[in-house]
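Everything on this sheet refers to the single structure shown next.
The values are calculated or read from the model by the stated rules, or taken from the named source; none is laboratory data. This is a predicted model, so every value here is computed, not measured. Remember, those area values only see protein heavy atoms, side chains included, never the ligands or the DNA or RNA. Shrake-Rupley method; radii C 1.70, N 1.55, O 1.52, S 1.80 Å.
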Amino acid sequence: MQFEPIIQQQQQQVSREELARSKQAITELQHHYDNYESQLRMLQSSMTTEEDSIKYASLMLELNRCRDNLNRHINAYNQLLQLANVEYPTNRLGDQAKKEIYHFYHSGRYNQNQLASQYGVQQGTISKIVNGPQPS
């Protein structure tokens, strides 16, 4: 008689902070992609020299790399969501998440609603963090 091992597939536990960091990376990549695209459009309408053509080709290469990275991150994030148990716990945000929220907001790149969506909390929670003392 031969026994085969029983393999139990466990769901990966993902914290809201990990999901927020993944969304953050996607948001940053999208911002870079949009900047490259804008630069390309401006350069395309005013290309007159060979130097402009070289700069255009370089920007196009960067745009393609950025798009590939963005797509890779989006696919990885979607796979993470499919594999993970993403129910947000009712416990509080960790100290690291509070620091991230505070700094992301005060960098001027994100508003309270965006951060609330990324961290899976209400906007009022974000307001208390960003308007309170800097987390240590």
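Annotations for the structure displayed:
- C-alpha center-to-center spacing [the stretch 44-72, the stretch 90-121] in angstrom: 33 Å
- Annotation: per residue accessible area for the stretch 23-88 equals 70 Å², rounded to a whole number [probe 1.4 Å, protein chains only].
- Segment I54-N111, extension gain: residue separation times 0.36 nm, minus the distance between their alpha carbons: 16.8 nm
- For the stretch 43-136, the fraction of 1.4 Å probe accessible surface lying on carbon and sulfur atoms is 47 percent.
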